[in-house]
Amino acid sequence: MQSDTSIRSVVIVGGGTAGWMTAAALGNAIRTGCTITLIESEEIGTVGVGEATIPPIRTFNEALGIAENEFVKATQGSFKLGIEFVDWGAQNHRYFHPFGSYGRNFDFLPLHQYWLAARARGAAPQLDDLCMAWAAAKRGKFAPPTQDQRNVLSTYDYAYHFDAGLYAQFLRRYAEARGVVRIEGKIAGVSQHSETGRVSHVTLEDGCEVAGDLFVDCSGFRGLLIEGALQTGYQDWRHWLPSDSAYAVPCEKAATLTPYTRSTARAAGWQWRIPLQHRTGNGHVYCSQFISDDEAAGTLMANLDGKALAEPRKLTFTTGRRNLFWNKNVVAIGLSGGFMEPLESTSIHLIQAGISKLIALFPDRNFDPLVIDEYNRIGINEFERIRDFIILHYKLTSRTDSELWRYCSAMEVPEAVTWKIEHFRRHGRLVQRDADLFGPPSWLAVHVGQGNLPEGTDPLLPLRGVDHAEYLAKLEAALARVSEGLPSHEAYIQQHCAAG
Ligand code: FAD
């Protein structure tokens, strides 16, 4: 039953990926007694990049009842088994950050401890070759994992690459079908209650006023409400993650549709390559202190798979987060809440996490500080643990060929990152922190891939009296054999979800 203090109106400011994901999820969760309005301005437009995701997005779509094949078809999507990192730890070196695990743990000690011991004896396969995601990815294969835990085909996970503009359109249809009302217009003013400081209404350029109880700020980098009106403040993390600019450009698709993202380190940043059904998305993320814009655009255009389909488009950003994600009656979701550089494709996930928390901690019109504090506490932890994982990639480089890489390998990093680096360096242990989004296999991939190899194994290992060398060899062979039997990524899409 509705109470006197129930929220009666939600206003979502912005119609980018964040705005429409929020509208779709709230439209699905709220069935009665509360209006949901979304305001967006075609003239201002959206950021229009953000094409790679991580596996939890599947949970978001499933919760909305969206069928995978329908979604992939509608967004020119493809499947992603992980990220290939090229030239990151050292030049002419590559490794894979897989979705899923390396074999399966079956002992007191994690499998990688046996791998480290075998490696020390010179008898270990490549670590990458012990994970199903890479076995399939390097052969250009894809099929969804099985549920049977005894089968190696259950040891991987997957996400998507998609056209973010098409995803927003898809979600718009979904949200409007559930009663969300869209208003086209540019917000010119934000008004606050004189006593509480809460936002009361926004005023459009044409004079129309839109009032609400709860406002979700999805206005992008501007942070129209959270910063423009409430002046919440921002923490700048560029001393740890110095990239502040990017050029993005689509190009013609390559002959093979690879089921993974590629990130190639460049002298002053890195370049992404994201294969979609109809084109390949590319971008060069860089630190403007170390390279000119012209050079950055030139590097991108010189390293495309095929003909560029547009002029390169420049974006600038400040990696960091808002001091609070929820302030008074405004919740900032998406770029208005902060910017995580796209190295591990986590921004859309952070949108999803913001929405899930909002639904789990949905307020009433009292806006209890207890609820708001809990939202911010979890959100800050999530943001900072992802930040730490991304910092790891920069810190663990042995490259000394350019200013950026010399800066990164020498920089001071947050205590939690040093803690994890030291634990792995000493005994190969993968210690976790609360709210870590990326689990032990992800950290293992980056530590090993970027050359943070342990001085010794877990002290328990020699006391176990087994070496499992035969198991490692069998696992490598099994993954190779099983992945050969999978359909190609292209064939899987043609059969199930071709965009046409
Ligand atoms: P926007 O897309 O900027 O949308 C803002 C909305 O607010 C628009 O609809 C706009 O019209 C509206 N608006 C603003 N001001 C007003 C006003 N005054 N009146 C009315 N409406 C207004 N994320 C990933 O998960 N994976 C990736 O691979 C990835 N790559 C990225 C690469 C780069 C270089 C960048 C910069 C970002 C990347 N991201 C990635 C992040 C991703 O693009 C964003 O998280 C996502 O697009 C969400 O943006 P948004 O909806 O918050 O903001």
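The values are calculated or read from the model by the stated rules, or taken from the named source; none is laboratory data. This is a predicted model, so every value here is computed, not measured. Using ideal geometry, Cβ is built from the backbone for each residue, glycine included, and neighbour counts are taken over all protein chains shown. The accessibility values were calculated without ligands, DNA or RNA, using every heavy atom of the protein model including side chains. Shrake-Rupley method; radii C 1.70, N 1.55, O 1.52, S 1.80 Å.
Things to note:
- Total residues in the stretch 273-299 satisfying the condition of being over 22 Å from the mean Cα position of the chain (by Cα), within 16 Å of the ligand (Cβ to nearest atom) and hydrophobic (A, V, I, L, M, F, W, C): the figure is 3.
- Restricting the stretch 183-196 to residues that are surrounded by 13 or more Cβ atoms within 10 Å (Cβ to Cβ) and either within 11 Å of ASN329 (Cβ to Cβ) or hydrophobic (A, V, I, L, M, F, W, C) (or both) leaves a set whose member that is nearest to the ligand (Cβ to nearest atom) is ILE187.
- Test: GLN277 is in contact with a helix residue (DSSP H, G or I) (Cβ under 9 Å, 6 or more places away or on another chain), buried (at least 18 other Cβ atoms within 10 Å of the Cβ) and outside any strand (DSSP E or B): yes
- For the stretch 208-231, a residue qualifies if it is more than 9 Å from the ligand (Cβ to nearest atom) and of a type in the set (Phe, Trp, Tyr), and exactly one does: PHE215.
- Residues within the stretch 405-417 that are open to solvent by 60 Å² or more (accessible area, probe 1.4 Å) and of a type outside the set (D, E, K, R), tallied: 2
- Number of residues in the stretch 71-99 that are farther than 22 Å from ILE351 by Cα and open to solvent by 20 Å² or more (accessible area, probe 1.4 Å): the value is 7.
- Within the stretch 282-296, one or more residues are closer than 19 Å to TYR160 by Cα and open to solvent by less than 10 Å² (accessible area, probe 1.4 Å).
- Looking at LEU109, LEU153, LEU130, just one residue is modelled with pLDDT of 95 or more, in the same structural domain as LEU463 (by TED's automatic domain parsing) and farther than 19 Å from PRO55 by Cβ, and that residue is LEU130.
- Cβ-Cβ under 7 Å pairs, at least 6 apart or on other chains, the stretch 168-183 side farther than 20 Å from GLU43 by Cα, far side in a strand (DSSP E or B) and open to solvent by 40 Å² or more (accessible area, probe 1.4 Å): GLU176/ARG182
- Considering the stretch 74-152, the qualifying strands (runs of 3 or more DSSP E), each wholly inside and each with 3 or more residues that are more than 19 Å from GLY428 (Cα to Cα), run over 78-80, 82-86.
- Enumerated strands (runs of 3 or more DSSP E) restricted to the stretch 306-385, each holding at least 3 residues that are of a type in the set (A, V, I, L, M) and either crowded, with 19+ Cβ neighbours inside 10 Å or more than 18 Å from the chain's Cα centre (by Cα) (or both): 330-332
- Selection status of ALA267, open to solvent by 40 Å² or more (accessible area, probe 1.4 Å), of a type in the set (A, V, I, L, M, F, W, C) and in contact with a Ser or Thr (Cβ under 6 Å, 6 or more places away or on another chain): yes
- So VAL49, is it closer than 30 Å to GLY140 by Cβ and out of contact with any strand residue (DSSP E or B) (no Cβ under 6 Å at 6 or more places or on another chain): no
- When the residues of the stretch 153-165 are filtered to those that are in a helix (DSSP H, G or I) and under 20 Å from PRO56 (Cβ atoms), the one that is farthest from the ligand (Cβ to nearest atom) is SER154.
- The stretch 386-404, subset more than 22 Å from the chain's Cα centre (by Cα) and acidic (Asp, Glu), residue most open to solvent (accessible area, probe 1.4 Å): GLU403
- Looking only at the stretch 155-173, residues that are open to solvent by less than 30 Å² (accessible area, probe 1.4 Å) and over 23 Å from SER345 (Cα atoms) come to 0 in all.
- Qualifying residue in the stretch 138-151 (condition: more than 27 Å from VAL330 (Cβ to Cβ), buried (at least 22 other Cβ atoms within 10 Å of the Cβ), in contact with a His (Cβ under 9 Å, 6 or more places away or on another chain) and of a type in the set (A, V, I, L, M, F, W, C)): yes
- In the stretch 331-370, the residues that are under 19 Å from VAL11 (Cβ atoms) and away from the ligand (no atom under 14 Å from the Cβ): LYS357, LEU358, ILE359, LEU361, PHE362, PRO363, ASP364, ARG365, ASN366, PHE367
- Comparison of ILE30, ILE39 shows that the only residue that is buried (at least 20 other Cβ atoms within 10 Å of the Cβ) and either in contact with a Pro (Cβ under 9 Å, 6 or more places away or on another chain) or among the aliphatic types (A, V, I, L, M) (or both) is ILE39.
- Among strands (runs of 3 or more DSSP E) entirely within the stretch 188-236, having at least 1 residues that are charged (D, E, K, R) singles out 209-211, 214-217, 234-236.
- Taken together, the residues in the stretch 33-44 that are in a loop (DSSP other than H, G, I, E, B) and near the ligand (Cβ under 6 Å from one of its atoms) amount to 2.
- Test set (1) under 25 Å from ARG385 (Cβ atoms); (2) surrounded by 23 or more Cβ atoms within 10 Å (Cβ to Cβ); (3) in contact with a Cys (Cβ under 9 Å, 6 or more places away or on another chain); (4) not acidic (Asp, Glu) - TRP272 fails condition number: (3)
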